[in-house]
Amino acid sequence: MAAAGFFLLYLLFFLTGMQILKNGLSILSGSTMRSWVFACIDHPFKAFLAGIVFTGILQSSSAVMVIVIGLVSAGVITFRQTIGIILGTNIGSTFTTQLITLDLGSLIIPMIGGGLLFFLAGAMMKRQSLLRISGILSGLGLLFLSMSGFGKLAEPLSHLETVSELLLYSNTHAFAGVLGGTVLTAIIHSSAAAAGIIMSFMNADLLTLSAGIAYILGANIGTCITGLMASAGAGHEAKLTAYAHVWLNVLGVAAFYPFIAFCSGIAEHFAAEPDLQLAHFSLVFNVVSSIAVLPFAEPFGRFVESSARFVNRKH
């Protein structure tokens, strides 16, 4: 029970760190973000690059999706104009996964302490630049603190009967891993946090690389839940934007799922450490999935619209 309690505490640290880091990196105001969106939506490739940049800055594909859905809902842009951005968000979301694999445990206290000092200085001098630096340092410190905590708790958590059974089952049943990754990410609303948890179990030799890949595939589906929630009660075009995000990830997972064992064999050559192997696979998966669809952005948009009409007719 103590291990489960500490696990929830470290999860809170991770999500808080993500939010603080996002605030520190978010140099774009709402109006500036809108102007950037308008400048890039005239061509799918420009929108694609913008989606990567926006997500890298905001450290959250869900945050970008909420902004984009809001613009579509307001009638400012159309669903078709968002497809490139949606494709880019999947690649941008892998930046955090790569970031949390860095071994910077010795810098946790200096980062958090430095962040606090910059916050106090920024508050006294009323300097936004110092507050942003504070957010970046404090956010990174909390991220690495939580990752260190996940690593220490992986082995004690594995002794819990439910966790032990799930890990053993998903090591031999890939679909269980995909489903587990989907549910976990949908609950905590962060594919990066889900990836961090999965990596900690892999580093403790409790999950195989194939199982980790299955969980990562599921996390890509689970991260769509925020967009679906943001589109609830919105107009038809906003719902289409959320559906496009779901279809992109579902189709990508369906394409990679039969080749999990093959992907595992390839990923083992990416790096020696399990967490890096998984982070690099996540990057490759999202790059391949997005680039494969990019040349067919217009047909993909028509497919999403057709599927929505089909579902509506059924109801």
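Data overview
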{"read-out": "Residue match in region 196-211 (condition: more than 14 Å from the chain's Cα centre (by Cα), acidic (Asp, Glu) and on the phi > 0 side of the Ramachandran plot)", "value": "yes"}
{"read-out": "Filtered residues of region 292-305 (kept if farther than 15 Å from Val250 by Cα and open to solvent by 40 Å² or more (accessible area, probe 1.4 Å))", "value": "Pro295, Phe296, Glu298, Pro299, Arg302"}
{"read-out": "Residue among Ala74, Ala63 that alone is aliphatic (A, V, I, L, M), within 23 Å of Leu140 (Cβ to Cβ) and surrounded by fewer than 22 Cβ atoms within 10 Å (Cβ to Cβ)", "value": "Ala63"}
{"read-out": "Close pairs (7 angstrom Cβ cut-off, 6 or more residues apart or separate chains): β-branched (Val, Ile, Thr) in region 254-275, open to solvent by less than 80 Å² (accessible area, probe 1.4 Å) anywhere", "value": "Ile260/Ala174; Ile260/Ser210; Ile260/Ile213; Ile260/Ala214"}
{"read-out": "Top-ranked residue of region 158-185 - restricted to ones that are assigned to a loop (DSSP other than H, G, I, E, B) and farther than 21 Å from Val253 by Cβ, ranked as least open to solvent (accessible area, probe 1.4 Å)", "value": "Leu160"}
{"read-out": "Test set (1) in contact with a Phe, Trp or Tyr (Cβ under 6 Å, 6 or more places away or on another chain); (2) closer than 17 Å to Pro274 by Cβ; (3) open to solvent by 50 Å² or more (accessible area, probe 1.4 Å) - Ile133 fails condition number", "value": "(2)"}
{"read-out": "Residue ID - farthest from Ser93 (Cα to Cα), chosen from residues in region 216-243 that are under 16 Å from the mean Cα position of the chain (by Cα) and open to solvent by less than 10 Å² (accessible area, probe 1.4 Å)", "value": "Ala242"}
{"read-out": "Long-range neighbours under 9 Å by Cβ, at least six apart or interchain, first residue without any contact (Cβ under 8 Å) to a residue 24 or more places away in the chain within region 12-23, second in a helix (DSSP H, G or I)", "value": "Leu12/Ser146"}
{"read-out": "Test: residue in region 3-11 that is at pLDDT below 75 and either assigned to a helix (DSSP H, G or I) or not acidic (Asp, Glu) (or both)", "value": "yes"}
{"read-out": "Odd one out for His269 among (1) more than 19 Å from Asn90 (Cβ to Cβ); (2) crowded, with 17+ Cβ neighbours inside 10 Å; (3) not polar (S, T, N, Q)", "value": "(2)"}
{"read-out": "Filter result (crowded, with 18+ Cβ neighbours inside 10 Å and without any contact (Cβ under 8 Å) to a residue 60 or more places away in the chain) within region 100-113", "value": "Ile108, Met111, Ile112"}
{"read-out": "Residue check for Pro274: of a type outside the set (Phe, Trp, Tyr), more than 15 Å from Ser62 (Cα to Cα), at pLDDT 95 or above and open to solvent by 10 Å² or more (accessible area, probe 1.4 Å)", "value": "no"}
{"read-out": "Tally, over region 140-157, of residues that are modelled with pLDDT of 85 or more and open to solvent by less than 10 Å² (accessible area, probe 1.4 Å)", "value": "1"}
{"read-out": "So Thr185, is it closer than 22 Å to Asn23 by Cα, out of contact with any Gly (no Cβ under 6 Å at 6 or more places or on another chain) and of a type outside the set (Asp, Glu)", "value": "no"}
{"read-out": "Subset of region 186-215 (residues that are open to solvent by 30 Å² or more (accessible area, probe 1.4 Å), over 15 Å from Leu166 (Cβ atoms) and assigned to a loop (DSSP other than H, G, I, E, B))", "value": "His189, Asp205"}
{"read-out": "Helices (runs of 4 or more DSSP H) fully within region 26-125 counting 3 or more residues that are at pLDDT 75 or above and within 17 Å of the chain's Cα centre (by Cα)", "value": "44-58, 61-73, 83-92, 94-99"}
{"read-out": "Conditions (1) surrounded by 23 or more Cβ atoms within 10 Å (Cβ to Cβ); (2) farther than 16 Å from Thr241 by Cβ; (3) not aromatic (Phe, Trp, Tyr): number failed by Gln128", "value": "(1)"}
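The values are calculated or read from the model by the stated rules, or taken from the named source; none is laboratory data. The structure displayed is predicted, hence computed values, not measured ones. Positions of Cβ are backbone-derived with ideal geometry, glycine not excepted, and every protein chain shown enters the neighbour counts. These area figures cover heavy atoms from the full protein model, side chains too; ligands, DNA and RNA do not enter into them. Shrake-Rupley method; radii C 1.70, N 1.55, O 1.52, S 1.80 Å.
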